[in-house]
Amino acid sequence: MRVIGDMVWFTYSSFGLVGYTLTDLLAPLPEGVDPTEIWSREGKADNFDHRPVAVGYLDLTSVPGYEHVDYEFLFFDHTDVLGEVVLYIGAGDAGLAVVDVTDPSTPTVVELVPTVGNATAAVVRNGRLYVADDAGGVVAFR
């Protein structure tokens with residue numbers, strides 16, 4: 001999870017990337033709603049859902065050209081340079097995913113960079129990008 005401005009981004013393994021506004025996440029539940037039961041499964045007579053609506057969502061396999069990619073979005077970091085917000089996401093066997101979320105409603109895959117191992121995390125420090133790559137060790141990008 002990463003808070004960037006008024007957005008909160010979550011990675012959900014093979015489910016993808018989901019973004020919500022802070023306002024939506026912090027909005028109070030309707031009176032009488034148990035905070036441990038905010039939605040019901042479909043098909044129940046009393047179907048209800050008080051979860052916030054995602055502003056942005058990205059499943060890599062729904063992007064043309066990546067339909068058959070075996071991935072899982074794991075730990076990530078970001079850069080915000082002059083309002084351009086880019087996420088660097090460890091994407092498992094798929095490598096490093098570079099995703100532009102400048103417009104939160106349309107996360108866009110900039111690049112999927114293959115790595116030797118299994119990219120599990122990415123961090124940006126001192127102008128460099130480091131990727132934890134399981135058996136591949138640590139990959140440094142400039």
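The values are calculated or read from the model by the stated rules, or taken from the named source; none is laboratory data. In this text the structure is predicted, and so the values were computed from the model without any measurement. Quick reminder, even Gly has a Cβ in these numbers, built from the backbone with ideal geometry, and neighbours come from all protein chains shown. For accessibility, only protein heavy atoms count, side chains too; no ligands or nucleic acids. Shrake-Rupley method; radii C 1.70, N 1.55, O 1.52, S 1.80 Å.
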Listed by first then second residue, the pairs whose first member lies in the stretch 1-12 and is touching a residue at least 60 places away in the same chain (Cβ under 8 Å), whose partner is open to solvent by 70 Å² or more (accessible area, probe 1.4 Å) and β-branched (Val, Ile, Thr), with beta carbons under 9 Å and at least 6 positions apart or on separate chains, are Trp9/Val3
If Pro30 satisfies every condition in (1) in contact with a strand residue (DSSP E or B) (Cβ under 9 Å, 6 or more places away or on another chain); (2) open to solvent by 30 Å² or more (accessible area, probe 1.4 Å); (3) over 24 Å from Tyr130 (Cβ atoms); (4) touching a residue at least 12 places away in the same chain (Cβ under 8 Å) but one, which is the exception? (1)
If you go through the stretch 111-133 one residue at a time, do you hit one that is within 22 Å of Gly65 (Cβ to Cβ), in contact with a strand residue (DSSP E or B) (Cβ under 6 Å, 6 or more places away or on another chain), in contact (Cβ under 8 Å) with a residue 24 or more places away in the chain and not in a strand (DSSP E or B)? yes
Just checking, which of Ala119, Ala132, Ala97 is of a type in the set (A, V, I, L, M, F, W, C), within 29 Å of Gly5 (Cα to Cα) and either within 12 Å of the chain's Cα centre (by Cα) or surrounded by fewer than 17 Cβ atoms within 10 Å (Cβ to Cβ) (or both)? Ala97
